[in-house]
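Chemist: Let me give you the structure first, and then I'll get to my questions.
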Amino acid sequence: MADVLSQSQIDELLKSMAGGGGGGSSAPAEEKKVEAKKEAAAEPEVKEEENYNKYDFYSPRKFTKEKIKLLRSIYENYARILTSQVNGVFRVMTDITVIELRESRYYEYVNMFHENDCMSIVDTHFSDKGKSNVPMMIYATPGLIITLINHMLGGGDSVIRVEDNYRYTDVEMALYRRVLDYIIHSMDDGFSNYININFKMQRVEENPSMTQEIGLDETVVIIVLNVDVSGLAAEKIRLCIPGTLLEHIFKIIDNRKHIARGFSYENNSDVILNHIKDTRFPITGQLGIIRLDISDVYHLQVGDVIDMNKSSKSQVKLFVGRQPWFMGTMGIYKKNIAVRIDERIKAVGKEKNTEEEEIAALLGESVEQKTG
């Protein structure tokens, strides 16, 4: 009695017969093409999933996107300022940009270091609030430091390449502090549009992996600056700002914003006027103007008389600073020569100074210098 084949066995026999040759191979070939297209279409979806950042629900983010965006704008401004200062002080062409700014944990920042790296501890001083108890950390790759030291000592325009685990000599360590002072001090200007902060170097840690200024699981913001040196080398500056320090900075910035929104500006004209009233100005009296040759001035002797072509009772123009303000008459007050003010000169548009006024201005300068 013949065995009865199942439908799956029949399909397998047909496929094997079609694969051996003949005209029945077109259908399986089309099926293979369809399967290949499906596999090719499925590959990009897997790659897209790999690009997603994993979110750790056990350690949620502490700062919002707005805060991170504000911090990025601050450090982009800092990068521009640092670029101009490094180019001017060290005479080397650099282009510094922010390539990464992300919230992370302190152990991720520490794990980036090699055995011989040097990390600088930076103190943060707030105006009217003193120094923060939580410092920030900054690290610059040895290639950048050695290149800047080379230019500082008058070296050529070449870029010096060193290994990541380069160990500084004692002389280079002293100059390292000098270079880091420039890099750290520029952050004052980066924050100046939002808050007044002074950053000062506290010390240099030569074994940063063993340094624990804050807890390893503490939330920090890691900022990575790319330093393109003359288009020949790409060095890095890595900064680490603890979350508690950032919270304090953002709190001060937010308070200032609220004050600015609810503050109604007063009319301080009276206060300003009171301050102006105490200002001293030189007053110069001008009776007339006459021109003399240098030779005549040279031969003047004591007792000589210069004719001003005006009577002694003519009006005198009084200058306050360099501007004519009053017209007056000369006289005597308590045995002293004085000028009685008769009228005030009305200001007439911005016209060119006459020859007399220019000379009077020069006279005013000389009188001011003599009295001073």
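The values are calculated or read from the model by the stated rules, or taken from the named source; none is laboratory data. Computed from a prediction, not measured in an experiment: that's the story for all the values here. So basically every Cβ, Gly included, is an ideal-geometry build from the backbone, and we count neighbours across all protein chains shown.
Chemist: Please work out which one of (1) under 23 Å from Arg102 (Cβ atoms); (2) in contact (Cβ under 8 Å) with a residue 12 or more places away in the chain; (3) assigned to a helix (DSSP H, G or I) is the condition His185 fails and give its number.
Modeler: Failed condition: (1).
Chemist: What pairs can you find where one residue is in the stretch 78-106 and without any contact (Cβ under 8 Å) to a residue 60 or more places away in the chain, the other is surrounded by fewer than 20 Cβ atoms within 10 Å (Cβ to Cβ), and their Cβ atoms are less than 8 Å apart, with a gap of 6+ or different chains?
Modeler: Thr83/Asp95; Asn87/Met93
Chemist: Applying the selection to the stretch 130-156, what residues are touching a residue at least 40 places away in the same chain (Cβ under 8 Å) and not β-branched (Val, Ile, Thr)? Step through it out loud before you land on a result.
Modeler: Kept after step one, since they are touching a residue at least 40 places away in the same chain (Cβ under 8 Å), are these residues of the stretch 130-156: 132, 134-141, 143-144, 147-148, 151-152.
If the condition is that a residue be touching a residue at least 40 places away in the same chain (Cβ under 8 Å) and not β-branched (Val, Ile, Thr), then Ser132, Pro135, Met136, Met137, Tyr139, Ala140, Gly143, Leu144, Leu148, His151, Met152 are the ones that fit.
Chemist: May I ask you to list the residues in the stretch 98-112 that are assigned to a strand (DSSP E or B), among the aliphatic types (A, V, I, L, M) and surrounded by 15 or more Cβ atoms within 10 Å (Cβ to Cβ)?
Modeler: Once the filter is applied, which keeps residues that are assigned to a strand (DSSP E or B), among the aliphatic types (A, V, I, L, M) and surrounded by 15 or more Cβ atoms within 10 Å (Cβ to Cβ), the stretch 98-112 yields Val98, Leu101.
Chemist: Name the residues in the stretch 138-152 that are crowded, with 23+ Cβ neighbours inside 10 Å and of a type outside the set (Val, Ile, Thr), would you?
Modeler: Passing the criteria: Ala140, Pro142, Leu144, Leu148.
Chemist: Out of the residues in the stretch 75-97 that are in a strand (DSSP E or B) and crowded, with 19+ Cβ neighbours inside 10 Å, state the one that is modelled with the highest pLDDT.
Modeler: To start, the set of residues in the stretch 75-97 that are in a strand (DSSP E or B) comprises 94-97.
Those left that are additionally crowded, with 19+ Cβ neighbours inside 10 Å: 94, 96.
Working: Thr94: 89, Ile96: 93.
Ranking the candidates gives Ile96 first.
Chemist: Has the stretch 126-145 got at least one residue that is part of a loop (DSSP other than H, G, I, E, B), of a type outside the set (Asp, Glu), over 19 Å from Met187 (Cα atoms) and touching a helix residue (DSSP H, G or I) at 6+ places or on another chain (Cβ under 9 Å)?
Modeler: No: zero hits.
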